[in-house]
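The values are calculated or read from the model by the stated rules, or taken from the named source; none is laboratory data. Here the structure is a predicted model, which means the values were calculated and not measured. We place every Cβ from the backbone using ideal geometry, glycine too, and count neighbours over all the protein chains shown. Surface accessibility is based on the protein's heavy atoms, side chains included, excluding ligands, DNA and RNA. Shrake-Rupley method; radii C 1.70, N 1.55, O 1.52, S 1.80 Å.
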Amino acid sequence: MVSGMTKNDAVKMLEEYDALSCVDMIDMLRKEDSRLLYAGEEGVSVEYRGLVTLTSFIDDFTKILDRTGYEPDLICVHDEDMRNHLVEKYGYENEEGCFSYSYYGSPFDLEGYDFRTLDVSFKDRIREVYTLASEESLLDDFSRGEVFGLFIDGHMVGFIGFHREGSMGMLHVFAEGRKKGYGSLLEKYDINKALELGRIPYCHVFESNTASQSLQAKLALKRGKRKCWWLWKD
C-alpha cells in the first residue's frame, strides 16, 4: 500500500474515477474489516472476506502474487487487460463481463408482503435452480442470515440474498410464480435490507442478461459505464 494512503483516500479516488462502475469497491472500503491492498496512480485494490477487487492493471498486485504466493480464490477486476493477465498467467477462470448497478433512492413500501429470512433447510431447493455459487458459499450466505424468500399464501415463490462481499444477487422466481412482479418485489426487499444495514444497494449483471438489466432500470438503479469481470479458481 502506498505510504500514508487511507481507505477514505482510496474511496475519494474511486469516486473521482468512476463511482458508479466502482460501487462495489467503494462499498467494501467503507467496511471496517476490509483491507486496502494498494492505492496509487495505477489504481486501487481492496480485500474483503477473501475476495479481492481492483480497478486497473496494477503491477504491484501481480508482484504481491509472485512474491508471497497469495492467490485469492475470487477476484473482481475492473480492467480487461488485468482480467486477461490473470487468466493467462495465473490460471483464473472467467465467464463474461458484468455491469454494475446501484440504487440511491428511498426505501420501497412493501407493507403486507410476507418476506422471510431463510435457513439452511431451504438449501437443497435453492441448489436445484441456482448453480452459480458453490454449496460452501451458499452455506456461508445462510449462516450470515442473508438469504430471503417471498411467500404467497404460505408458499415460497422466489428468493434473493447478498453475496459475501455485500452485492445483491441470487434472484430467482420459481416457474409457477413468474410474470407476476415477484422478481421486482424481491429486489426491492434486498434494496431495503441494504439501506437498513448502511450499505450501498448494488449488483453486478452479466452483459448478456438483458432481462435483469431491464429490471434494474425499472427500479431506478444507475448503471456504471465500465464493465467488470469475476475471476475464480476451483
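Working only within region 65-90, note down all residues that are among the β-branched types (Val, Ile, Thr) and surrounded by 17 or more Cβ atoms within 10 Å (Cβ to Cβ).
Those that are among the β-branched types (Val, Ile, Thr) and surrounded by 17 or more Cβ atoms within 10 Å (Cβ to Cβ): Ile75, Val77.
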**OP:** Answer yes or no: is there a residue in region 38-45 that is within 18 Å of Phe99 (Cβ to Cβ), open to solvent by less than 10 Å² (accessible area, probe 1.4 Å) and either without any contact (Cβ under 8 Å) to a residue 24 or more places away in the chain or under 17 Å from the mean Cα position of the chain (by Cα) (or both).
**Re:** no
Original post:
Which of the following residues is under 19 Å from the mean Cα position of the chain (by Cα) and aromatic (Phe, Trp, Tyr): Tyr70, Tyr113, Tyr90, Tyr130?
Top reply: Tyr130
**OP:** Name every residue in region 1-59 that is on the phi > 0 side of the Ramachandran plot and of a type in the set (Lys, Arg), in order of residue number.
**Re:** Arg49
**OP:** Give region 46-63 a look and list any residue that's within 19 Å of Thr6 (Cβ to Cβ) and over 23 Å from the mean Cα position of the chain (by Cα), or say none.
**Re:** Asp60
